[in-house]
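Step one of this worksheet: look at the structure below.
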């Protein structure tokens, strides 16, 4: 960051007049520099204590997914008719306020390391969290990520291989994502790094889980999960985190009727939905 330090100096007041706009912009640039320095510092720590190569070896699901994508490059019949088959995209929901939360900074650092390891272009990674401040959005754009302007509530249908980074997100977000892609064709194109579905099921009363989160409930038994290795001092950041994929061999075990009736989740019985809905206004500075 030293080479950029001069760029983030606060503009001084000139004699005879005050240029408020320039001062405000410079303040934003200064804060952006601070936020970026935090991220870079955390990435350096992650490289030492959480080697990305070791992580990828443990997360065999990613490697298998990459192999499948490479095969699709030479496939004459690619199911989704992707404009660039084999080129993986990334979507990140619920990262948190990384300017004020240490865990969110570690999770952002992990995301950037994974994008690099998986050779995903930064501009092909879309991020959203209603808690992002305008300054944090500017930082993410400066890094090169694409910031979504609309709360999708996880309801994004894939049209090419997509890696979803959903660290410690609410169950409804996962359930919405599954609903929007509720077909063998779409689910086989998705990989998730987030909370273990098996862990969700174990921590929730069966009746409520099956009623409120039917898509997670139906898919949990046939998806493939690989828990991420986690250094002891990072338990709070990456606990219960798994790589989740949906191999066709597992999906074929579900009955044909599973895919016929797929109503949009409404969560009428959920007191605490654990996500911010798009019709709820969230104020951030």
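Side notes on the structure shown:
- Peptides 221-231, 110-120 ranked from most to least packed, by the mean per-residue count of other Cβ atoms within 10 Å: 110-120, 221-231.
- Between the beta carbons of residue 256 and residue 225, assuming R0 = 35 Å, the FRET efficiency works out to 0.90 to the nearest 0.05.
- Residues residue 123 and residue 185, FRET efficiency given R0 of 25 Å [Cβ-Cβ distance, rounded to 0.05]: 0.45
- Rg and Dmax of segment 110-225, Cα atoms only, in Å: 15.2, 46
- Per residue, the convex hull spanned by the alpha carbons of segment 177-253 comes to 94 Å³.
- Cα-projected label distance for residue 202 with residue 233, points at 7 Å along beta-carbon direction, nm: 2.7
None of the figures in this text is laboratory data; all of them are computed from the coordinates on show. Predicted, not measured: the structure shown is a model, and the values here were computed from it. Neighbour counts run over all protein chains shown; Cβ positions are idealised from the backbone, glycine included.
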